[in-house]
Each structure stands twice: as C-alpha cells, then as structure tokens.
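The values are calculated or read from the model by the stated rules, or taken from the named source; none is laboratory data. Not measured: the values here are computed from a predicted model. FYI the Cβ positions are ideal-geometry reconstructions off the backbone, even for glycines, and counts take in every protein chain you see. SASA here: full protein model, heavy atoms, side chains in, ligands and nucleic acids out. Shrake-Rupley method; radii C 1.70, N 1.55, O 1.52, S 1.80 Å.
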Amino acid sequence: MTGPHIELNRAALAHNVAQIRELLGSDVSLMFAVKSNAYGHGMELIAPEVIAQGADELAVLDIQTGVAVRDVVPEAPLLAWLLEPLDNYAAASTHRLELGISTVEQLTMVAKSAPKTPLVVHLKVDTGLHRNGATANQWPEFFTVAAELERAGVITVRALWSHLADTSIESSLSALSRLQDAATTARDAGLHPEIMHLAASHGALEVPETRLDMVRFGILGYGVSPFDHHTAEDLGFRPVLTLLAPITRITEDTIFLGMGYRQGLLSPLTPGATIRVGHTPLELVAVEADHTVLRGSFSPEHLQEGMMVPLMGANAPGASVEAWAGWTHTIGDEVLVRLHPDIPRNFSDAPIDS
Ligand SMILES: Cc1ncc(COP(=O)(O)O)c(C=O)c1O
C-alpha cells in the first residue's frame, strides 16, 4: 500500500507567480521564499519551477539550504539570512549565495572566510520587529565596517533591508521610515546599496509603499493567506498543494487514512473538522501517530483500502490549508512546514479553472 503523497499543481503556482508579477509591476523584483522546504511543498521542486515561471530571486534561511538550492538552481540570485558563527561562510561564497547580514560579527566571519570575489551582502536593519537586524544605535559602526570591507574588495553591499511585523498599516509605514533613516546613515558611511527591500506577502498587499525595489514573497505564492480574514482565493491566488492519504481500513462508520502526526499532520484542537471522502463529508475525530480517523455515515460500496483521499489543500473541498490552520489554532505556514520531507511530492499538470 502506498503512503501519503503531496501533489503540486504547476498551473496554480504559475498563476500565483503571474498574479504577484502583475501586482508588483515591472519595476519591483520578486524574490520567492523557498525556506522551510518551500513551506513544506518541496524545495527541490519549487525552487527551479518558480524561477522558470518568472520569479527573479530566491530566499532560504540558512547557508546549508542555500547550497542545496544552488544544486538545482545554478544561476538565480539566492539569499540566506539566518547565520550562525560556525556556519560555512566559505561555502556561501563558492556557491554564490548572497547573505543577509545583521551584525559586525557576521561581517567579520565573512572577512575571515576570505572570499575570492566579493561576497554579495544585504545589510539588515531592525525597523521595529526586533528579530535580527542591526539596531539604530549599532548602525554607525555596522555601516562603517561594511564600507571598509567593501573598499577592501571583501563584500559588495547590494541591498539594505528589513522585515515587517505586519501588525498594522501604521507600524509598517513607521518601519519604512526607519529603513529610510538607515539608508541615510549608510550613505553617510560611504555605502550605496543598489536596492532596498522590506515587505513579504502581507505588507506587499496591505501597504504598497513598502514594496520598494523587491518583495520577498512566501506564503501567498503558495496560495495560502497571510491574513486572518481573507483566504488566498479571495485575493486571487490558488492553492498549490494537495495532501493525499490512502484509506487503510474501513469499518461500519469509520475510515482510517494512512497519515498521522508522525508524518507531520497537526491535530485539530476543536471539533468541526470535516474531510470529504468522495462527496461524503466525514468528521475528523482523531489524528493518531500514523492514522487519521474519520467517522460518519457513508456507503462503503465505492470505497476500498488503498484509495487516495485528498486530506488537505487544493483538491480537498472544505479542508484548505487555511481551514486546517483554523482547526489547529495556528497559521498556514505552521501547518505546511510540519509536513514531513520524506512524503513523496510531485507536480501535476492538471489545469486550474480561471
Ligand atoms: C525575512 C523574511 N522575509 C520574507 C518572508 C516571507 O514571508 P511570507 O511567507 O509571509 O510572505 C519571511 C517569512 O518568515 C521572512 O522571515
């Protein structure tokens, strides 16, 4: 019997990339985030596909993942920003990664790795989120050291950037204003970054001013909403992923599916979660280690063990990733990134209705 399976709709992904491109216009670049195994979709499939579909650049969290992405995407600019002192900065350089740098210490690590050609860096400043990024009191030293390293041919400062808290329009505009202050301090230190970037999915839609030269799109690109009160479909995006699981046992009123929390499925915390088997809605009563248990009344004639049931996502009516996020009291990102990397994934070329 086959196990759970993830199907990725290529046309939905292309639709989302095209939607983003239309939203951004020709002057704003699209950096597509493929961090966390491309939000559970499978980084090795998604990364080359979005570049082929028109994304300009890619983003991952760490250098090690960036090196793996470089194997499947030889050319596109590729940013990694979650850096540790023991990371292999030399590998970043040989694989032509760009690094998101937040501290003088990280600049020092880059210098120690003695890149043969200048390593391209995006200097990150804190603009209110308090998660990475040089704080305002650190800017003068941070930018001075960066400028010295640029003059010495160790780095090229390509970008100045930050990340939004997305708590309100006001907080995003205030972050934008702080980023502009940082740009002034950087210029005073002798830096002339080519681009600035600030927004991810939420900010890019809610506060167009924050799009600047490039947006780092993640979750919405996969057709899952970053908002509490709008689905991605309402916003014109299409879900890319469908998680399917095989029927492993059928009793009079219960169907067991072969996918559980060991493969990364979160357990609903409130009653009301419903999965359709064929046209019949069944109550999701438990997510066990290797099984999901569905209960209700159904006619078993058309069912048999081994049949695949869409459990989440595009082809699972009423069980979108957003619905799962609601049932499990979390956000879509969390539902997706838990899906075990060993679950087989493949693209389907099924059309989407427009
Ligand atoms: C720095 C940074 N940029 C971009 C993204 C992508 O965000 P989203 O998935 O909300 O589009 C993230 C996600 O966590 C992030 O941390």
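Here is how the numbers come out for the structure above:
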quantity: Residues of the stretch 164-242: accessible area per residue with a 1.4 Å probe, Å²; calculated: 40 Å²
quantity: Ranked packing of 300-308, 47-55, most packed first, by mean Cβ within 10 Å; calculated: 47-55, 300-308
quantity: Distant-in-sequence amide H partners of L282 (H built 1.01 Å from N, under 5 Å); calculated: I275, R276, V277
quantity: As computed over the stretch 272-354, the Cα convex hull volume per residue (Å³); calculated: 142 Å³
quantity: Value at 222 nm in deg cm²/dmol, rounded to 500, when DSSP H runs of n ≥ 4 in the chain each add -39,500 (n - 2.57); calculated: -9000 deg cm²/dmol
quantity: Anisotropy class of the stretch 10-222 from Cα gyration tensor, a/c 1.5 cut; calculated: oblate
quantity: Normalised contact order of the stretch 10-222, rounded percent, pairs of Cα under 8 Å and 6 or more residues apart; calculated: 19 percent
quantity: Cα coordinate range in the stretch 183-282, projected on the principal axes (Å, largest first); calculated: 74, 29, 23
quantity: 1.4 Å probe accessible area per residue over the stretch 273-337, in Å²; calculated: 46 Å²
quantity: Alpha carbon centroid spacing (whole Å) that separates the stretch 284-313 from the stretch 79-157; calculated: 50 Å
quantity: Accessible surface of the chain [probe 1.4 Å, protein heavy atoms]: carbon and sulfur percent; calculated: 51 percent
quantity: HN-Hα J in Hz across the stretch 230-239 - Karplus 6.51, -1.76, 1.60, θ = phi - 60°, x for Gly and Pro; calculated: 10, 7, 5, 4, 4, 8, x, 10, 10, x
quantity: In degrees, nearest ten, helix 10-24 long axis to first principal axis of the chain (Cα); calculated: 40 degrees
quantity: Contact order normalised by residue count of the stretch 78-177, Cα under 8 Å, 6+ apart, percent; calculated: 26 percent
quantity: Nearest 10 degrees, 0 to 90: helix 43-53 Cα axis against the chain principal axis; calculated: 70 degrees
quantity: Between helix 63-72 and the chain: long-axis angle, C-alpha atoms, 0 to 90°, nearest 10; calculated: 70 degrees
quantity: Built amide H within the under 5 Å cut-off of V224, gap 5+; calculated: none
quantity: Solvent-accessible area of Y261 with every protein chain in place, 1.4 Å probe, in Å² to the nearest 10; calculated: 130 Å²
quantity: DSSP-defined antiparallel bridges as percent of all bridges, the chain, nearest 5; calculated: 45 percent
